[in-house]
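What follows is a single structure, written as structure tokens, with notes after it.
Since every read-out is calculated from the coordinates, none of them should be taken as a lab result. This one's a predicted model, so the numbers in the text were calculated from it and none came from an experiment. Every residue, glycine as well, gets a Cβ built from its backbone with ideal geometry; the counts of neighbours run over all protein chains shown.
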Amino acid sequence: MPENRWPVRVAVNVMRARLTVIGFNIAIVSFQIAQLYRVSGGLRVPGVDHAVHLGADMSLFMALALSLVALVAFLMSGAFDEVGYCTHWTLVAGDLLMYLALAHTVAGFFAPLETAIDLIAVKLPDQASEISFIHTASLVAGGVAWFLATYAGPVVSLVRSPFQRRTNIALGIAYLVVLLVLCWINSHAVGLEATGAGDEPGLMISVLRELVQPLRW
């Protein structure tokens, strides 16, 4: 994180590119929320005519909320002048929130995939090896995307941030706090969905497990 003593002026196109990513993410999250009830498995709730994928639903709704907050942060970073340079540290905050939103989108797509593929394997026992290969390949691809969005992307943003070192350190600490809070929320959602499925780990173990969430898929 280089120490920059000059006024920060980031081209507005840098921020616009990120707004495009957020817009795309909101679109695919909205589509998946509407279609998730079609996926096999989930929690059966009295009075609800379809299975509820509580963990995936929570991930997708958090992705939507994080995308909207990131959108606001990016808009706040622009200066009110004839050029519109991004001059405020909310630009980097928006970057971190954008990556969190992308990670939750990945989780909302890939987390419920295991149950669906297991059901296909039961229906097609003669194709078990091929289905297992497809299952592993899809989860590895999703896991790589999740780790990149959760850890690699934010680290690169903080390292390349043009703002002062103390600002970047504060943003990094805030990111870790938000990540832990989201892991705590996800652990509760996953625990509720898995109620009655066997022994459940303690709260601390559940939260730590969400830090490497793809291993749970």
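Taking θ as phi - 60°, what are the ³J(HN,Hα) couplings along region 143-155 by the Karplus curve (6.51, -1.76, 1.60), each to the nearest whole Hz, with x for Gly and Pro?
x, 4, 4, 5, 5, 5, 6, 7, 10, 5, x, x, 4
Which whole-Hz couplings ³J(HN,Hα) result when phi for each residue of region 80-88 is put into the Karplus expression 6.51 cos²θ - 1.76 cosθ + 1.60, θ = phi - 60°, listed in order with x for Gly and Pro?
Going residue by residue, I get 8, 9, 6, 9, x, 4, 8, 10, 10 Hz, with x marking Gly and Pro.
Label-point separation (nm) for A79 and S30, each offset 7 Å from Cα along Cα-to-Cβ?
3.4 nm
If you take the Cα atoms of region 55-171, find Rg, then find the Kirkwood Rh from the mean of 1/r over all pairs, what is Rg/Rh?
Ratio of gyration radius to Kirkwood radius for region 55-171: 1.18.
Between region 64-84 and region 127-194, what is the separation of their alpha carbon centroids in Å?
Computed from Cα coordinates, the inter-centre distance equals 23 Å.
Measuring from label point to label point, each 7 Å out along Cα→Cβ, what is the Q127 to L148 span in nm?
Output for this residue pair reads 2.8 nm.
Starting from the amide H of R216, placed 1.01 Å from N in the peptide plane, find each other amide H under 5 Å away whose residue is 5 or more places distant or on another chain.
Residues meeting the criterion, in which the H sits 1.01 Å from N, do not exist here.
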